[in-house]
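Remarks on the structure that follows.
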Amino acid sequence: MSPLKRSNNIAARMGRWSASHWKTAVFGWLAFVIASFAIGMQIGTKQMSNDDANVGESHRADLILKHAGFHPEPQTEIVVIQSSKLRAGQPAFRAVIRDAVRAVRPFDSVKNIRSPLDPGHADQISDDRRTVMVVWEMKGKLADAEKVIDPIVAATARVGKAHPEFFVGEAGAVSSDKAINKAFNSQLATAGERSIPLTLIVLLIVFGALIAAGVPLLLALTAVAGTIGLVALPSHLVPMDKNVSAVILLVGLAVGVDYSLFYVKREREERAAGKGHRAALEAAAATSGRSVLISGLTVMVAMAGLLLTGDKTYLSFGIATMIVVGMAMLGSLTVLPALLSKLGDRIEKGRIPFLARLRRQSGENRFWAAILTPALKRPLVSALAAGSVLVVMALPVLHIHTGQMGFESVPKSWPTVSTIVRLQKAFPGGDSPAVVAVKANTDAAETKNAIDELRSKALASGRMHGPIDVAVNPAHTVARITIPLAGKGTDAKSNTALRTLRDDILPATVGRLPNASYAVTGTTAITADDSSALKHAWPIVFAFVLTLAFVLLLVSFRSIVVAIKAIVLNLLSVGAAYGVLVAVFQWGWGENLLNFRSYGGVAYWLPIFMFVILFGLSMDYHVFILSRVREAYDRGMKTEDAVAHGIKTTAGVVTSAAVVMVGAFGIFATLPLSDMKQMGVGLAAAVLIDATIVRAVLLPATMKLLGDANWYLPRWLEWLPRLEHEPPADEPAPETAPALAA
């Protein structure tokens, strides 16, 4: 490289330092990752409890119960006993019930055992008298109860084996939580195990060599490992959601591989163009490194939007994703140039002949030429066509309905699920009752009368069922009333029952007590309150992300048009992805293909999560492509030629990065849980739409239509800093774009 032409942007300086101190950069990074992981494992990651997660009225109810000495949600365990031939009053049926009670009673960890044979517990017998419940509660906290639940489950299972003519199954807050979480975590581990080799295969096809493919993957995985350790530190201030590791892997693998791809491909391209090893590395650092820096900051800004939701789950996701993106960005700007400086052309070692030939003979340029040429030749028609397709795909969003997955969407083969399904059919709402916390003098006659009236009105409404259980704390200051709701706990029936309870029945009963307070929690209430809070947070999150992304792009490209257009294009791609979600999962268009049962809505937590993830990730492509276009424009090309040159030279990298992301996200579409399928399909569809319709057609067509107006900056913004885009070079810039390869 000519010493007279040297870039001094921060990415270039970081690349130069790392290349000159490769041992410090590489081994310092490894030491940092290992230390972060070790410290994280040592101090442990504090996970979120309902006390942390719940909001609104359900959170107030939790606090009332907690201060009174109750567990907010009773750790209730249930043995379901069912016969297709006998009824509950017959001797053989009664014998099974007594055996179940005897199996559970010896355990010190159980309390308050209630048999349907006991006086006053006839509501534990179904209306057709073919199903009964043996109910008890587990002592201690959930984590402690899960440690001792297995012997109890084994004991009740032995009752079932002793009476094969009956169905005997246990489910509950402890056994189901432990079993389903174990199965769910196993599915997430499977997704991770599948995504890593898939990513490696894509990288092998892209580079045709083991070393070149392994470097981006290893860098991404070390960023993920370091982040998993680092999140333990803030978790003691902001507890982490139990799924945060899966989100770290998902985002870390996507951005880590993307950033490395941008960097390595540019370095290899400059090397192939005849530059010396060090000159090629500096050119990559000054250009692709700068793109990585801008992209990383933009993604982190998008992820920061999660911090404004007021939801503790999103708060933990926001912190974790910002850390993993920062780690991936830091590694790409330091470790990557250090490795490239040390390896040099040896990065091409381990070449796989077939893949290397495939890479050389690829029709990639011909393919992108076929798309780009008509887009630039007829930009108005192309822009209208692409825009219309995206708008049509986004139209289903007008009918979006959010909800929560119920047990009907969980595989029946998972432990305790078949028991829960039978319980739901025999005792609607019994597995996820509303929990009413009433703070009053529970010894007072008027309080007892109000609770009795509450019980009567709840049953008379037809939207609530028995058994209605009332428990009082030792101080007799708080009553906990569990009321099974109609429906499946998360559907429209349950939500209607909840509104009836909150808005009509409670105000007319315990609400009339002087100096009393009450609130409702439970699965249905928690979901409804979370959904309501998130709906109120949408405008704030969207405004924050869009505003800061606009400012960042405005400063980076010194163009108000580029910044506005980036926002609009990203909104179109996100809107189209939302439309796909509604059509497939709310309307059920893909039930047979994806092997799921629609619950009539989109996961309530997904729209905001998808928005910030997709808005951030789609900026990767936008910044990378536009940086190359602006680079060519700054070197003297006309806008049309710069657009053709920029997209042609980045098409392969964008395609490869998109395939990696679509593959990683698509793995989640193969998982059995509906919410995981939604996340996988939504993210994969958005990336695919963004990398094809938006970046290959709509972006070049609109840039051709606008011409030099693309770079318009009002005079009153001329004070913005001028950041370089052109690569360091000792050769004159070409006057026209090179022809697209045939």
For V148, put the label point 7 Å out on the Cα→Cβ axis and report which residues of the range 161-183 keep their amide N under 19 Å from it. 171-179
Label model pair L63, W538: point-to-point distance (7 angstrom along the Cα→beta-carbon line) in nm is 2.8 nm
In degrees, nearest 10, range 0 to 90: what is the angle between the Cα axis of helix 175-207 and the longest Cα principal axis of the chain? 10 degrees
Pick out, from L395, A283, P353, the residue whose Cα sits farthest towards the positive end of the charge dipole of the chain, with +1 on the Cβ of Lys and Arg and -1 on the Cβ of Asp and Glu. P353
In the chain, if the dipole is taken from +1 on Lys/Arg beta carbons and -1 on Asp/Glu beta carbons about the Cα centre, which of V148, H536, S18 is farthest to the positive end? S18
Mean Cβ-within-10 Å packing, highest first, puts peptides 653-661, 128-136 in the order 653-661, 128-136
Residue among A460, V438, P428 farthest towards the positive dipole end of the range 418-460, charges placed on Cβ: P428
Listed candidates (1) 31.3; (2) 27.4; (3) 28.5 - label of the one calculated as Kirkwood radius over Cα pairs in Å: (3)
Under the Karplus relation 6.51 cos²θ - 1.76 cosθ + 1.60, θ = phi - 60°, what is the ordered set of whole-Hz ³J(HN,Hα) values for the range 230-246, x standing for Gly and Pro? 5, 5, 5, 5, x, 5, 7, 9, 10, x, 8, 5, 5, 9, 5, 5, 5
Just how far, in whole angstrom, is the range 619-663 from the range 197-271 if you go by their alpha carbon centroids? 22 Å
Computed helical MRE - 222 nm, the chain, DSSP H runs ≥ 4 contributing -39500 (n - 2.57), nearest 500: -20500 deg cm²/dmol
Work out the length of the dipole vector of the range 61-109 about its Cα centre, built from +1 on the beta-carbon of each Lys and Arg and -1 on the beta-carbon of each Asp and Glu, and round it to the nearest 20 debye. 420 debye
Unit Cα scatterers, Debye sum, the range 126-253: log10 I(q)/I(0) for q = 0.16, 0.17 Å⁻¹: -0.93, -0.99
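Keeping all protein chains in place, calculate the accessible area per residue for the range 562-690 (probe 1.4 angstrom), answer in Å². It would help to have the intermediate numbers written out before the result.
On the way: 3200 Å² over 129 residues.
Averaged over the residues of the range 562-690, the accessible area is 25 Å².
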Checking the table K111/K457; K139/K178; K265/K648; K66/K448; K377/K565; K265/K349 against a 18 Å threshold on Cα-Cα, which pairs fail? K111/K457; K66/K448; K377/K565
Quick one: if you stick a label point 7 Å off each Cα along the C-beta vector at R102 and A445, how many nm between them? 4.6 nm
Using modelled backbone amide H atoms (1.01 Å from N, in-plane), which distant-in-sequence or interchain residues come within less than 5 Å of A603's amide H? G403
Computed over the range 430-589, the distribution of all Cα-Cα distances in 5 Å bins, rounded to whole %, is 1, 8, 13, 14, 12, 9, 7, 7, 7, 7, 6, 4, 3, 1, 0
With all protein chains present and a 1.4 Å probe, how do K275, K412, K265 order by accessible area, largest first? K412, K265, K275
Accessible area per residue of the range 279-326 at 1.4 Å probe, in Å²? 18 Å²
Using R₀ = 60 Å, calculate the FRET efficiency as 1/(1 + (r/R₀)^6) where r is the Cβ-Cβ separation of W719 and D452; round to 0.05. 0.25
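Take every Cα-Cα pair in the range 659-700 and report what % of them are more than 16 Å apart.
Value for the range 659-700 (Cα pairs over 16 Å): 38 percent.
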From the backbone phi of the range 452-461, what are the Karplus-calculated ³J(HN,Hα) couplings (6.51 cos²θ - 1.76 cosθ + 1.60, θ = phi - 60°) in whole Hz, Gly and Pro given as x? 5, 5, 4, 4, 5, 5, 5, 5, 5, 5
Expressed as a percent, the accessible surface of the chain that is carbon or sulfur, using a 1.4 Å probe and the full set of protein chains, is 61 percent
In range of the label at I39: residues from the range 213-253 whose backbone nitrogen is under 11 Å from the point 7 Å along Cα→Cβ: 229-234
Calculate, for R597 and R512, the FRET efficiency according to 1/(1 + (r/R0)^6) with r their C-beta to C-beta distance and R0 41 Å; round to the nearest 0.05. 0.45
For S176, what accessible area in Å² do you get when you roll a 1.4 Å probe over the heavy atoms of the protein chains, rounding to the nearest 10? 10 Å²
Cα-centred dipole magnitude for the chain, charges only on beta-carbon of K, R (+1) and D, E (-1), debye, nearest 20: 1300 debye
Just to verify a number: FRET efficiency for V381 and S186, C-beta to C-beta distance, R0 = 35 Å, to 0.05? 0.10
In nm, to one decimal, how far is the modelled label at H277 from the one at R351, with both set 7 Å along Cα→Cβ? 1.7 nm
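At 1.4 Å probe size, put E137, E57, E718 in order of accessible surface, largest to smallest.
E718, E57, E137
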Relative contact order in percent for the chain (Cα pairs under 8 Å, 6+ apart) equals 19 percent
Which length gain, in nm to one decimal place, applies between S413 and F27 when the Cα-Cα distance is subtracted from 0.36 nm times their residue separation? 134.3 nm
Summed residue charge, Cβ within 10 Å of T670's Cβ, Lys/Arg positive, Asp/Glu negative: +2
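Order the following by accessible area, largest value first: I526, I196. Probe radius 1.4 Å; ligands, DNA and RNA are ignored.
Correct descending sequence by accessible area is I196, I526.
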Starting with the highest mean, order 581-593, 599-611 by the number of other Cβ atoms within 10 Å, averaged over the residues of each peptide. 599-611, 581-593
Under 5 Å from the placed amide H of A434, counting only residues 5+ away or on other chains, we find I483, L485
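The values are calculated or read from the model by the stated rules, or taken from the named source; none is laboratory data. Small disclaimer: the values here were computed from a predicted structure and weren't measured. Because the Cβ atoms are built from the backbone with ideal geometry, glycine has one as well, and the counts that use them run over all protein chains shown. Each accessible area value is taken on the protein alone, full model and side chains, heavy atoms only, with ligands, DNA and RNA left out. Shrake-Rupley method; radii C 1.70, N 1.55, O 1.52, S 1.80 Å.
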